[in-house]
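Worksheet: one structure, shown below.
The values are calculated or read from the model by the stated rules, or taken from the named source; none is laboratory data. Everything quoted here is computed from the prediction, not taken from an experiment. As a convention, Cβ positions derive from the backbone with ideal geometry for all residues, glycine included, and neighbour counts pool all protein chains shown. To get the accessible areas, we keep the full protein, side chains included, count just its heavy atoms, and leave off ligands, DNA and RNA. Shrake-Rupley method; radii C 1.70, N 1.55, O 1.52, S 1.80 Å.
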Amino acid sequence: MCGITGIYHFKNSKTVDERTLVTMRDTLTHRGPDDAGVYLSPNRKVGFGTRRLKIIDLSDAGHMPMGASAQNSKFPARPAGGEIRPPSASLWRGRGNSKFNVWITYNGEIYNFRELRSELEKKGYYFRSRSDTEVILASYLEYGVDCVKQFNGMFAFAIWDEEKRMLFAARDHLGVKPFYYAIRNGIFYFGSEIKAILAHPDFRKELAEEVIPHYLTFSTTPAPLTLFRGIKKLPAAHALTMDAAGVLREWEYWNPAPHLARGRGASPSTETEYIDEVRTLLRDSIRAQMVSDVPFGCFLSGGVDSSVNAALMSEALGKPVETFSVGTKGMANRNEFEYSRLVARKLGARSHEIEIDESHLTRFLADYAFHFDDPNGDPVSFPLFWLSRLAKDAGVTVIQIGEGSDELFAGYEQYLSARRLYKRWWQKLAVLPAPLRRAAFLASAPFSGTRFEFGREFVRRLAAGEEPFWGTAVAFSELQKAELLNSSFDTRITPITSYPFVKRFYDEADRDMPDADFLARAAYIEVKHRLPEFLLARADRMTMAHSVEGRVPFLDHRLVELALAMPSAIKTKGNVTKYILKKAVAGIIPDEIINRKKRGFESPIGVWLRNTEGAGKTLADIIFNSKLKERGLLNYNYAGSLLAAHRRGTSDEGFRLWNLITLSLWYDRWFA
């Protein structure tokens with residue numbers, strides 16, 4: 001796990017300034033406190049910087065950036081400069097060996113690197129380290145840009161090929177690791193986080209006002225957009241090349257759609273076969289993601305997903321794994337310690353717990369916008385921040401997390417409710433003539449207020465011919481945005497609708513999964529957007545804030561392919577959420593955990609927002625005292641009505657208010 005950054009002057013008379021490169025690199029020290037290095041190409045048109053968190057091969061042999069020879073592909077890989085400087089070195093020239101003309105800076109882990117290394121050794125390659133970085137380089141020399149199809153892991157990397165004068169970059173299948181880039185004035189900039197790009201003195205930051213409506217919708221920015229004009233994020237499962245002529249080529253190298261995935265793994269057909277395959281893949285993924293030369297553990301809430309992680313990690317380890325759990329002080333009814341302790345006792349695990357309170361919120365708010373330079377409106381970021389700190393303080397550097405299971409196996413009741421609504425009403429009403437549907441929407445106008453908002457948005461989507469399901473992390477609907485955004489906004493920024501992003505993914509699903517039912521299409525939407533840009537983004541930033549590597553075994557791309565190909569009648573048999581997964585893990589975790597009522601990973605922020613003093617006042621003040629107000633973008637009277645309704649208890653506006661809080665924190669840190 002590392003922080004990476006770089007510069008490529010492809011059509012620019014300037015060369016890379018080493019001190020600037022080091023400054024960019026060191027904005028990412030939290031991602032890699034153990035080592036640091038730079039590479040400069042012979043003509044200084046290309047520069048890479050790496051901050052390294054040592055996970056695999058703790059020796060200097062794993063130092064990055066790392067180089068290899070393209071002329072003689074049966075090579076020893078070598079770190080930049082030919083010698084290792086201690087992490088305290090402030091400057092380092094990576095020009096030590098001219099025969100190495102393929103260089104890499106890399107963030108992540110390749111879980112199947114040992115198998116790939118064995119295959120490459122049979123082809124004549126030999127290795128000087130035990131690192132997976134070296135395996136990526138060898139794979140590139142053997143397979144070219146198609147090397148990404150060989151990898152099972154989480155990764156974001158950039159490779160400079162001196163012979164081809166080409167930069168090649170890629171982001172992993174599910175988007176666990178981030179990759180941001182910008183092209184301006186003949187320069188290609190990139191980084192693990194946006195702050196690395198902003199540290200370059202030639203890059204002038206600008207607010208992308210036109211993206212704000214989409215943040216209000218999704219509580220994140222949909223790829224490839226960010227709130228900084230000109231800075232993009234490479235979508236999950238995408239790669240790019242930039243050549244010396246400035247030609248950018250970007251493509252998708254993997255798609256989870258069943259017809260595209262067919263032939264890449266087993267093709268079960270019966271319930272029993274699916275149960276066996278899910279169990280087999282889960283065991284293999286959890287075992288593979290335990291590869292590490294440093295201590296590891298898992299986050300444990302006491303739900304099905306985290307409990308499976310803990311149980312199968314202990315099984316593979318041959319002894320109990322260390323577990324980490326979080327709760328909120330004074331809110332016993334919202335904590336899950338009862339269940340996490342049950343699982344820990346059953347496993348004999350050494351468990352660690354933390355109870356957070358309002359004092360923890362103060363520190364989190366101070367750090368939020370630094371780590372979320374691409375803002376994220378998930379309130380779970382708060383407890384996750386402190387859970388990651390708990391792991392680090394216990395000496396654990398690698399953590400497994402249960403992200404993705406609910407999205408793949410329909411773990412939320414919201415999915416089943418949406419399906420019922422779709423079958424009962426949407427399918428029947430959608431066939432009505434368009435004028436009749438539009439008339440129904442116009443007739444709904446008198447029904448205002450929070451109690452009617454869901455129904456009116458449902459009818460609006462129906463009238464507009466849109467899809468009913470936009471994901472499970474929508475904050476403001478299109479109707480609510482129309483009230484929240486100042487009337488002048490839509491004259492400056494058009495359109496403000498976020499539906500084109502949703503439609504793009506539905507169009508893909510209909511093209512690649514023509515026979516998919518409602519739940520399969522919904523899962524595709526979640527995999528393509530909510531998982532990479534909302535859930536995985538906050539997991540990455542909050543773990544890396546404390547130099548902890550988070551791994552997500554439920555999102556092994558083979559398991560994702562299996563889940564999307566699975567018939568919904570098997571996935572949620574009898575309208576039981578995660579039916580097939582629960583069957584697969586029976587006997588692995590206690591029945592009390594399998595049969596307990598589903599509870600999400602909760603944050604106390606919504607509760608605190610109901611208070612007029614303390615944390616409630618602090619949080620409200622962030623919205624109404626923000627310098628964002630001076631932009632004239634938002635209707636703060638409407639925001640005030642949301643806060644009032646939340647405090648009265650007439651509606652739960654916690655998620656929407658947190659969306660505005662995070663947007664305000666972000667703006668005040670980066671633009672005020």
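I need the calculated FRET efficiency for the pair TYR143 and LYS598, taking r as the beta carbon distance and R₀ as 41 Å, to the nearest 0.05.
Using R0 = 41 Å, I get an efficiency of 0.45.
For ILE623, what charge total do you get from the other residues with a beta carbon under 13 Å from its beta carbon, if Lys and Arg give +1 and Asp and Glu give -1?
Summing Lys and Arg as +1 and Asp and Glu as -1 gives +1.
Work out Dmax and Rg for the chain from the C-alpha atoms and quote the Rg first, both in angstrom.
Answer for the chain, Rg first and Dmax second: 24.8, 75 Å.
Roughly how compact is the range 511-645, stated as its Cα Rg over 2.2 N^0.38 Å to two decimals?
Against the empirical 2.2 N^0.38 Å value, I get 1.46 for the range 511-645.
Tell me the label-point distance for the pair ASN185, PHE370, using the 7 Å Cα-to-Cβ offset, in nm and rounded to one decimal.
2.9 nm
Can you divide the C-alpha Rg of the range 501-542 by 2.2 N^0.38 Å and report the result to two decimal places?
Working it through for the range 501-542, the quotient is 1.29.
Taking a quarter of the surface of the Cα convex hull of the range 92-218, what do you get in nm²?
Projected over every direction and averaged, the Cα hull of the range 92-218 covers 10.3 nm².
Please give the direction-averaged projected area of the C-alpha convex hull for the range 604-671, in square nanometres with one decimal.
Computed as one quarter of the Cα hull surface, the answer is 4.3 nm².
For TRP425, what accessible area in Å² do you get when you roll a 1.4 Å probe over the heavy atoms of the protein chains, rounding to the nearest 10?
Accessible surface of TRP425 is approximately 130 Å².
Over the Cα atoms of the range 426-560, what Rg and Dmax result, in angstrom?
Final numbers for Rg and Dmax: 18.2, 56 Å.
Determine, from the Cβ-Cβ distance of ALA569 and PHE624 and an R0 of 51 Å, the FRET efficiency 1/(1 + (r/R0)^6), rounded to the nearest 0.05.
Once the sixth-power term is evaluated, E becomes 0.55.
Extension gain GLU273-PHE454, at 0.36 nm per residue separation less the Cα-Cα distance, in nm?
61.2 nm
Only four residue types carry charge here, +1 at the Cβ of Lys and Arg and -1 at the Cβ of Asp and Glu. Report the dipole size of the chain about the Cα centre in Debye, rounded to the nearest 20.
Using Cβ point charges on Lys, Arg, Asp and Glu, the chain gives about 540 debye.
With unit charges on the beta carbon (Lys/Arg positive, Asp/Glu negative), name the residue among ASN335, LEU436, ASN255 whose Cα is farthest towards the positive pole of the charge dipole of the chain.
So the residue we want is LEU436.
Can you work out ³J(HN,Hα) from phi for every residue in the range 622-635, in order, using Karplus 6.51 cos²θ - 1.76 cosθ + 1.60 and θ = phi - 60°, giving whole Hz and x for Gly and Pro?
Residue by residue, the range 622-635 yields 4, 5, 7, 10, 5, 5, 4, 4, 5, 6, x, 8, 10, 8 Hz.
With just the Cα atoms of the range 181-305, tell me how far they stretch along each of the three principal axes, in Å, largest first.
Each principal axis gives a Cα extent; for the range 181-305 these are 57, 37, 35 Å.
For a quick size check, give me the Cα extents of the range 377-416 along its three principal axes, largest first, whole Å.
Largest first, the range 377-416 extends 40, 20, 12 Å along its Cα principal axes.
Find the centroid of the Cα atoms in the range 138-157 and in the range 440-475, then give the distance between the two in whole Å.
Computed from Cα coordinates, the inter-centre distance equals 44 Å.
Using 7 Å Cα-to-Cβ label points, what is the ARG249/GLU210 separation (nm, one decimal)?
2.8 nm
Compute the projected area of the convex hull of the Cα atoms of the range 403-459, averaged over all viewing directions, and report it in nm² to one decimal place.
5.3 nm²
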